[in-house]
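Okay, so here's the structure we're looking at.
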Amino acid sequence: MAAEAVAAATVKSIFLYPIKSCRGISVSEAPISSTGFRWDRQWMVVNSQGRACTQRVDPKLALVEVELPNDAISLAWKPNKSSYLVIRAPGMDELKVSLCKPLQTCDGVSVWEWSGSALDEGDEASKWFTNYLGKPSRLVRFNEESETRPVDHNYAPGFRVMFSDGYPFLLVSQGSLEALNELLKEPVPINRFRPNILVDGCEPFSEDLWKEIKIESLAFHGVKLCSRCKVPTINQENAVSAPEPTETLVKFRSGKVLIPGRKGQAKVYFGQNMVCEDLAEGNEKMIKLGDPVYVIKIFSSYDDTST
């Protein structure tokens with residue numbers, strides 16, 4: 001169903017998560033590449049079997065802060081020998097990881113369905129995360145030169161990501177967060193849901209039905225409602241888990257409520273997974289705070305959306 005292009009919202013916040021499952025960075029603008037925002041989920045921590053470590057098993061990762069150089073989100077910026085990803089966590093000395101790509105590689109790295117080779121950030125980073133998590137760990141970086149990680153071809157054939165769970169972008173609206181918080185005894189901040197793009201000015205949960213939107217000159221396509229795991233129940237300030245907000249979301253955002261009779265009845269949904277089209281290599285574009293969000297096409301109902 002087509003809808004007349006209308007500025008339905010504006011970009012309120014942009015978040016990057018350089019290390020998978022660690023704390024995000026709020027930025028005023030960000031370059032978009034073919035795998036998502038530049039730097040987003042370019043690194044992840046792996047265990048002794050090379051498997052991704054996430055907050056689902058290691059909630060302490062929520063307390064790991066990362067910092068990029070101020071210029072790292074500029075379109076033409078390139079790292080040099082003095083460019084670092086700075087990593088901090090409670091009780092730990094500061095760790096600096098060079099943004100120049102390491103020479104060492106690590107085979108047998110896996111996240112969800114994907115496995116392959118990654119760049120290894122070395123023994124100092126390994127010791128830091130091993131000490132912090134209390135188990136053998138290494139910090140690895142996605143190797144764009146040798147590896148490709150496609151998204152699920154059933155939903156978005158031809159698109160790819162680095163170490164994101166599934167898709168290049170997650171979009172949530174401020175209205176949806178506020179609607180949820182009205183039902184909670186203790187409101188939760190947006191960092192519980194780890195979106196890349198937070199928009200404001202639209203009706204709660206209207207993003208569920210956004211089939212195609214434009215931000216700046218970029219076309220984003222709604223791929224799949226985001227089913228939520230344990231992470232939204234983890235307080236990102238102290239790494240403590242509690243039943244909310246999932247307990248409340250089950251009452252009005254479950255598959256049983258939104259899409260009765262279809263698969264995913266027991267899951268809860270919050271936010272829209274998205275891909276961005278027409279991003280050839282070397283042709284990065286930028287979105288920034290305050291950019292209008294134009295709705296080009298909408299799904300006619302939840303029955304038409306993917307879950």
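Numbers at a glance
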{"read-out": "Restricting region 207-299 to GluC sites (Glu not before Pro) in coil, as DSSP defines it, with at most 13 other Cβ within 10 Å", "value": "237, 277, 281"}
{"read-out": "Rough spin-label spacing in nm, given labels placed 7 Å along Cα→Cβ, for residue 185 and residue 239", "value": "2.6"}
{"read-out": "Cut-off 11 Å between beta-carbons: net charge of the residues surrounding residue 246, Lys and Arg +1, Asp and Glu -1", "value": "+4"}
{"read-out": "Where labels lie 7 Å past Cα in the beta-carbon direction, separation of residue 154 and residue 214 in nm", "value": "3.3"}
{"read-out": "Lysine pairs meeting the criterion (Cα under 29 Å, 8 or more apart or interchain), as found in region 37-158", "value": "15"}
{"read-out": "Angle in degrees between helix 123-133 and the longest Cα principal axis of the chain, rounded to the nearest 10", "value": "60"}
{"read-out": "Carbon/sulfur fraction of accessible area - the chain, other protein chains in place, 1.4 Å, %", "value": "50"}
{"read-out": "Region 138-206: C-alpha gyration tensor shape, a/c 1.5 cut-off, then a/b vs b/c", "value": "prolate"}
{"read-out": "Coil-residue chymotrypsin sites (Phe, Trp or Tyr not before Pro) of region 1-104, DSSP, other Cβ within 10 Å capped at 16", "value": "77"}
{"read-out": "Projected label distance in nm at residue 7 and residue 48, using a 7 Å step from Cα toward the beta-carbon", "value": "5.7"}
{"read-out": "Straight-distance crosslink candidates among lysines, where the alpha carbon sits under 23 Å from residue 297 and sequence neighbours closer than 8 are dropped", "value": "12, 211, 214, 224, 285, 288"}
{"read-out": "Whole-Å distance, taken between Cα centres, linking region 220-252 and region 63-117", "value": "26"}
{"read-out": "Distance between region 14-40 and region 135-200 - C-alpha centres, whole angstrom", "value": "10"}
{"read-out": "The chain - charge dipole about Cα centre, Lys and Arg +1 at Cβ, Asp and Glu -1, debye rounded to 20", "value": "740"}
{"read-out": "The chain - share of DSSP beta bridges that are antiparallel (%, nearest 5)", "value": "90"}
{"read-out": "Around residue 31: net Lys/Arg minus Asp/Glu count, Cβ-Cβ under 9 Å", "value": "0"}
{"read-out": "Å² per residue, accessible surface of the chain at 1.4 Å", "value": "45"}
{"read-out": "Neighbour cut-off at most 14 other Cβ (10 Å), DSSP loop, trypsin sites (Lys or Arg not before Pro), region 164-242", "value": "185, 230"}
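The values are calculated or read from the model by the stated rules, or taken from the named source; none is laboratory data. All figures in this text were calculated on a predicted structure; none of them were measured in a lab. When we count neighbours, we look across all protein chains shown, and the Cβ atoms used for this are built from the backbone with ideal geometry, even at glycine. When the accessible area is computed, the model is the full protein with side chains, heavy atoms only, and any ligands, DNA or RNA have been set aside. Shrake-Rupley method; radii C 1.70, N 1.55, O 1.52, S 1.80 Å.
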